[in-house]
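Here is the structure we will look at.
The values are calculated or read from the model by the stated rules, or taken from the named source; none is laboratory data. Remember, it's a predicted structure, so these values are computed and weren't measured experimentally. Virtual Cβ from ideal backbone geometry, glycine too; neighbours counted across all protein chains shown. All accessible areas refer to the heavy atoms of the entire protein, side chains included, with ligands and DNA or RNA removed. Shrake-Rupley method; radii C 1.70, N 1.55, O 1.52, S 1.80 Å.
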Amino acid sequence: MLFSTRMDKLPPYLFAEIERKIAEKKKAGVDVISLGMGDPDLPTPAYIVEEMQRQVADPRNHRYPTNAGVEEFAQAGAAFYKRRFGVDIDPEKEFLPLMGSKEGLAHICWSTLDPGDLSLVPDPGYPVYGGSSLLAGAEVKLLPLERENDFLPALDAITSEEARRAKLLFISYPNNPTAAVADGAFFEKVVAFAREYDIAVIHDNAYSELAFDGYVAPSFLATPGAKDVGAEFFSLSKPFNMTGWRVGFGVGNEQILEHLWRLKTNLDSGMFEAAQRTAAFVLNGPWDTVHEMNAIYQRRRDVLIEALQAIGLNAEKPKATIYLWVPVPSGYTSTSFAEHVLDQAAVVVTPGNGYGAAGEGFVRLSLTVPDERINEAVARIERSLTI
Ligand SMILES: *Cc1c(COP(=O)(O)O)cnc(C)c1O
């Protein structure tokens, strides 16, 4: 059979070898602890499940949805953006349901990029930004996120020739995988850069609600002028333990969202209206469960950081997300350290270079496992390093 040459453009799947080893170990009966997945371990809160049960039973939700979404979801999204970020959103023109923000991140490339265009993609970064840009025929310019620069992309390192060819810029703070946060000053630089070169900015906002020690993450859209150049994709997946539900939305620049909407009318028929109405219900509050989850993640973060520091791993305390981005001990690469820990301790950590070459020298540890498993994982890593 012959397949599309487009598929050849996709980068090799770097976690394939580790996944094979995990499967092998599990088959051999080894108790593997995975700190590899960014997938909340606790179930969706009961009040959300109960609302969804009510909505599923309601026949008005059983027919084809529209891509534009139901009014109450748009209004709840706009009200949330106003209340939480001080951002004004027109629910009719500046809101678009996404079946998970990943879906929107993938399709935005198709509604924005042409072959030959440049797509500006953080390295390390969520793999969809670059992968989908390549599928759409664009070229990818990787923007290294260096520790010296607080894991923010150095926009002034982009040449003006590159900037003129660029049509799309992805950013995401609080960041996966580095757990870095950004402030208003960085977002202002992004707006100025995007204005100068007429670039559409997509801020992937999957983690603003997962923050610790009183830190409050800003929205990119709260930056003056941001709505002229960009859109933000918000997701219910991480703050509400709803990764399986596929519920997110885009807000911001009307033109960006109109093009994405028009593309999507040719691809899908919108989000299950029961899920949209449940999402509206969730966005309208209460948010006690988010605070409870943050307390849980913060405790796990502290346990893990303390233990890592005790065994000489120089891990910094993140202000947000559900990850630790940890430099590997000297003498190791990302891959060799991840393999060592898997072989000797049966603990899965994600090699940083899996998110891009600039992630070399780091591993990502996820906080989505129960405390006692975190303690056990650290004890095993400690033993493995002293052999
Ligand atoms: C988890 C994650 C997403 C995907 O969220 P969905 O809404 O579940 O598709 C997007 N971006 C980043 C950086 C993530 O970590």
Every pair of residues 6+ apart whose Cβ atoms lie under 6 Å, when the first sits in region 9-21 and is touching a residue at least 12 places away in the same chain (Cβ under 8 Å) while the second is exposed (fewer than 13 other Cβ atoms within 10 Å of the Cβ) and not polar (S, T, N, Q): none
Number of the exception - Thr243 against (1) open to solvent by less than 30 Å² (accessible area, probe 1.4 Å); (2) polar (S, T, N, Q); (3) within 11 Å of the ligand (Cβ to nearest atom): (1)
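Restricting attention to region 103-150, and to residues there that are out of contact with any Pro (no Cβ under 6 Å at 6 or more places or on another chain) and acidic (Asp, Glu), which single residue is farthest from the ligand (Cβ to nearest atom)?
Here the residue is Asp114.
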Qualifying residue in region 192-206 (condition: within 14 Å of the ligand (Cβ to nearest atom) and surrounded by fewer than 24 Cβ atoms within 10 Å (Cβ to Cβ)): no
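Against the definition (under 26 Å from Ala357 (Cβ atoms), not in a loop (DSSP other than H, G, I, E, B) and not hydroxyl-bearing (Ser, Thr, Tyr)), how does Trp325 come out, yes or no?
Working: under 26 Å from Ala357 (Cβ atoms): yes; not in a loop (DSSP other than H, G, I, E, B): yes; not hydroxyl-bearing (Ser, Thr, Tyr): yes.
When the stated conditions are applied, Trp325 passes them.
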Any hit, region 160-177, residues being more than 15 Å from the ligand (Cβ to nearest atom), open to solvent by less than 20 Å² (accessible area, probe 1.4 Å) and outside any strand (DSSP E or B): yes
Filtered residues of region 1-59 (kept if over 30 Å from Ala295 (Cα atoms), among the aliphatic types (A, V, I, L, M) and open to solvent by 90 Å² or more (accessible area, probe 1.4 Å)): Met1, Leu2, Met7, Leu14
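Take Asp183 and tell me if it is more than 14 Å from the ligand (Cβ to nearest atom), open to solvent by 50 Å² or more (accessible area, probe 1.4 Å) and free of Cβ contacts under 8 Å to residues at least 24 places away in the same chain. Spell out how you get there, then give the answer.
Values: more than 14 Å from the ligand (Cβ to nearest atom): yes; open to solvent by 50 Å² or more (accessible area, probe 1.4 Å): yes; free of Cβ contacts under 8 Å to residues at least 24 places away in the same chain: no.
Considered against the rule, which asks whether it is more than 14 Å from the ligand (Cβ to nearest atom), open to solvent by 50 Å² or more (accessible area, probe 1.4 Å) and free of Cβ contacts under 8 Å to residues at least 24 places away in the same chain, Asp183 comes out as no.
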Search result, residues across region 104-139 that are over 25 Å from Trp261 (Cβ atoms) and assigned to a strand (DSSP E or B): Pro122, Asp123, Glu139
Qualifying residue in region 212-235 (condition: open to solvent by 10 Å² or more (accessible area, probe 1.4 Å) and within 14 Å of the ligand (Cβ to nearest atom)): no
Qualifying residue in region 150-160 (condition: in contact with a Cys (Cβ under 9 Å, 6 or more places away or on another chain) and either farther than 18 Å from Ala358 by Cβ or outside the structural domain of Ala211 (by TED's automatic domain parsing) (or both)): no
Subset of region 338-351 (residues that are open to solvent by less than 10 Å² (accessible area, probe 1.4 Å) and in a helix (DSSP H, G or I)): Ala338, Val341, Leu342, Ala345
Residues satisfying the stated conditions in region 246-257, i.e. crowded, with 21+ Cβ neighbours inside 10 Å and near the ligand (Cβ under 9 Å from one of its atoms): Val247, Gly248
Region 52-102: number of residues that are more than 19 Å from Ala226 (Cβ to Cβ), more than 16 Å from the ligand (Cβ to nearest atom) and not in a helix (DSSP H, G or I): 11
